[in-house]
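Okay, structure first, notes after.
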Amino acid sequence: MKNVYEECPTFESEKWLLRFVEKSDSDNLLQVYSDKNALPFFNSDNCDGDNFYYHTKELMNKAINFWLYSYKEKWFVRWAIIEKSTGKVIGTIEMFKRLSEDAFNKSGILRLDVGSSYEKAEVLKEIMSLIIPHSFEMFDCKQLATKIPLYAVERAVAAQAFGFEKTDNLLVAKDGVAFNGYWIYKKEN
């Protein structure tokens, strides 16, 4: 597989398409990131105070511009999740390799944001199935980590289907703030 930061791959199934986020996704993504029922499921740990609530087109455009810049800087990759039957962008997946001095060093971090009507185990599982098999190679990691709050029951069911397990390890930011609620999936040898 090519370097994900040189050529961002697309992933596809009968129902879903994952492709690199584009400025033209703004209108659809505004519906996702202004959805107050979806907001509690977004992982904003270690994001410098950004909680991913974008309730105006200007804020959504600013976020997308930052995502595009971050890709150029090789900080993370953000894919748009497209429901093929409607052609609508219903969320995003962000991934990156974390370098740190905690238990998540060299882990692939997976952030999955969808509108609240898509926060269902079967939907999340279908979407995750497109990217998880490729994640270890794309980000040269042996472990994936994703945040699943206690109330995210549907998300936990989807993650368990892949072998994710809850960990008590804390993700520690550079400023010393520690975050809990992470689940990990280790690559089979």
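Before moving on, here are some points about what is shown:
- Qualifying residue in segment 87-108 (condition: in contact with a Ser or Thr (Cβ under 6 Å, 6 or more places away or on another chain), modelled with pLDDT of 95 or more and surrounded by fewer than 22 Cβ atoms within 10 Å (Cβ to Cβ)): yes
- For Tyr151: the one exception among (1) open to solvent by 20 Å² or more (accessible area, probe 1.4 Å); (2) assigned to a strand (DSSP E or B); (3) touching a helix residue (DSSP H, G or I) at 6+ places or on another chain (Cβ under 8 Å); (4) touching a residue at least 40 places away in the same chain (Cβ under 8 Å): (2)
- When residues of segment 23-59 are limited to those that are open to solvent by 80 Å² or more (accessible area, probe 1.4 Å) and acidic (Asp, Glu), the one nearest to Tyr151 (Cα to Cα): Asp48
- Within segment 168-189, the set of residues being in a loop (DSSP other than H, G, I, E, B) and either on the phi > 0 side of the Ramachandran plot or surrounded by 16 or more Cβ atoms within 10 Å (Cβ to Cβ) (or both) comprises Gly176, Gly181.
- For segment 12-27, residues that are of a type outside the set (Asp, Glu), under 20 Å from Ser70 (Cβ atoms) and not in a loop (DSSP other than H, G, I, E, B) total 6.
- Every pair of residues 6+ apart whose Cβ atoms lie under 7 Å, when the first sits in segment 154-178 and is without any contact (Cβ under 8 Å) to a residue 12 or more places away in the chain while the second is assigned to a loop (DSSP other than H, G, I, E, B) and aliphatic (A, V, I, L, M): Ala178/Leu170
- Residue check, Asn65 within 28 Å of Asp140 (Cα to Cα), in a helix (DSSP H, G or I) and open to solvent by 40 Å² or more (accessible area, probe 1.4 Å): yes
- As a summary of the residue check, Glu137 satisfies the conditions (1) touching a residue at least 60 places away in the same chain (Cβ under 8 Å); (2) open to solvent by less than 70 Å² (accessible area, probe 1.4 Å); (3) farther than 20 Å from Pro40 by Cα except for the one numbered (2).
- Verdict on Asp27 being charged (D, E, K, R) and modelled with pLDDT under 95: no
- When Val157 is tested against (1) open to solvent by less than 30 Å² (accessible area, probe 1.4 Å); (2) not in a loop (DSSP other than H, G, I, E, B), just one condition goes unmet, and that condition is (1).
- Taking every residue in segment 31-47 that is touching a residue at least 12 places away in the same chain (Cβ under 8 Å) and pairing it with any residue that is assigned to a loop (DSSP other than H, G, I, E, B) and surrounded by fewer than 16 Cβ atoms within 10 Å (Cβ to Cβ), at least 6 positions away or on another chain, the pairs with Cβ-Cβ distances below 6 Å are Ser34/His55; Leu39/Tyr53; Asn46/Ala173.
The values are calculated or read from the model by the stated rules, or taken from the named source; none is laboratory data. Worth saying up front: this structure is predicted, and the values here are computed from it rather than measured. No Cβ is skipped: glycine too gets one built from the backbone with ideal geometry, and neighbour counts run over all protein chains shown. Please note that ligands, DNA and RNA were not included when accessible areas were found on the heavy atoms of the full protein model with its side chains. Shrake-Rupley method; radii C 1.70, N 1.55, O 1.52, S 1.80 Å.
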